Amino acid sequence: MSDYRSGNGGSEDIRLLYFFPFFCYGVVMRLVCLDLEGVLIPEIWIAFSEAVGIPELSRTTRDESDYDKLMRFRLDLLAKNNLKLPDIQKVISGMDPLEGAAEFTEALRQKTQLIILSDTYEEFAQPLMKKLGWPTLFCNSLVTSSDGAITGYRLRQKNGKQLAVKALASLNIEVFAAGDSFNDLNMIREASAGCLFRAPQAIREEYADIPCVDSYDGLLAYIDRFLAE
């Protein structure tokens, strides 16, 4: 409020001017959601499979679209071979992000916010998140016994990747999404824009309407176009 006073023949003329703040609603924010394994880090189950010499454990969401079926298969193999969480964590501690991934995430986070939407587990992810500069991660958790045996898993929510993108849209946030597997398809389709990244040939052919890139430079170029719209 502004108070103006001016003399007028011995009387005082008081004029009050009211200023109301002007708010502009509808401003859109844009950010990026990425899958983790196969996009920024190697596939953990493949690395563990190679370390323990059990080829069946190399099966991933690139091969199996039913996540629960895949996890029950993995847990059964772990139990049969007396393999426990510390065995997997030991392999993970020696893993590094994919070549160029750390530099890519650093460059991306200078342009916009990054959220990792992954079906991995908190018990797996921490060492690799540190090597990627601690991006925000939404993932799941494992159920373990007192001796470290993995007895089950807890999803953050069913269809968590897709629903995270949908929730962000409800906050007037447009999302660019990218991943490499069957469980990334709904996330990509829900997003305002997106692409596959280094997806296996079978997925590229079956979902040919979704563009696919094979380099971080190519992925960043797609993101730059999205941010510039």
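The values are calculated or read from the model by the stated rules, or taken from the named source; none is laboratory data. All figures in this text were calculated on a predicted structure; none of them were measured in a lab. Glycine gets a Cβ as well: all are built from the backbone with ideal geometry, and neighbour counts include every protein chain shown.
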query = Are any residues in segment 59-93 modelled with pLDDT of 95 or more and in a loop (DSSP other than H, G, I, E, B), and if so, which ones?
reply = ASN81, ASN82, LEU83, LYS84
message = Every residue in segment 16-58 that is at pLDDT below 50 and not hydrophobic (A, V, I, L, M, F, W, C), please.
response = TYR18
ask   = Given the conditions (1) under 19 Å from LYS130 (Cα atoms); (2) in a helix (DSSP H, G or I); (3) under 20 Å from the mean Cα position of the chain (by Cα), which single one is not true for ALA47?
value = (3)
task = Name every residue in segment 174-196 that is outside any helix (DSSP H, G or I) and either more than 25 Å from VAL27 (Cβ to Cβ) or not small (Gly, Ala, Ser) (or both), in order of residue number.
result = GLU174, VAL175, PHE176, GLY179, ASP180, SER181, CYS195, LEU196
key: Candidate set: segment 192-214, residues that are charged (D, E, K, R) and within 21 Å of PHE104 (Cα to Cα); chosen: the one surrounded by the fewest Cβ atoms within 10 Å (Cβ to Cβ)   = ASP214
ask   = Which one of the conditions (1) crowded, with 20+ Cβ neighbours inside 10 Å; (2) out of contact with any Phe, Trp or Tyr (no Cβ under 7 Å at 6 or more places or on another chain) does THR61 fail to meet, given that it meets all the rest?
value = (2)
message = Taking the conditions exactly as written (in a loop (DSSP other than H, G, I, E, B) and over 16 Å from the mean Cα position of the chain (by Cα)), does ASP209 satisfy them or not?
response = yes
ask   = So which residues in segment 77-135 are within 20 Å of TYR153 (Cβ to Cβ) and without any contact (Cβ under 8 Å) to a residue 24 or more places away in the chain?
value = LEU77, LYS80, ASN82, LYS90, GLU122, GLN126, MET129
inquiry  = Take the conditions out of contact with any strand residue (DSSP E or B) (no Cβ under 8 Å at 6 or more places or on another chain) and either surrounded by 17 or more Cβ atoms within 10 Å (Cβ to Cβ) or closer than 13 Å to LEU31 by Cα (or both) and apply them to ASP224. Does it pass?
reply    = yes
message = So ASP217 passes all but one of these: (1) part of a helix (DSSP H, G or I); (2) exposed (fewer than 13 other Cβ atoms within 10 Å of the Cβ); (3) at pLDDT below 95. Which condition number does it fail?
response = (3)
inquiry  = Please determine whether any residue of segment 98-113 is surrounded by 15 or more Cβ atoms within 10 Å (Cβ to Cβ), of a type in the set (Gly, Ala, Ser) and touching a Gly at 6+ places or on another chain (Cβ under 9 Å).
reply    = yes
message = With the requirement that a residue be surrounded by fewer than 15 Cβ atoms within 10 Å (Cβ to Cβ), more than 20 Å from ILE210 (Cα to Cα) and not small (Gly, Ala, Ser), what does segment 148-191 give you?
response = THR151, ARG154, LEU155, GLN157, LYS158, LEU171, ASN172
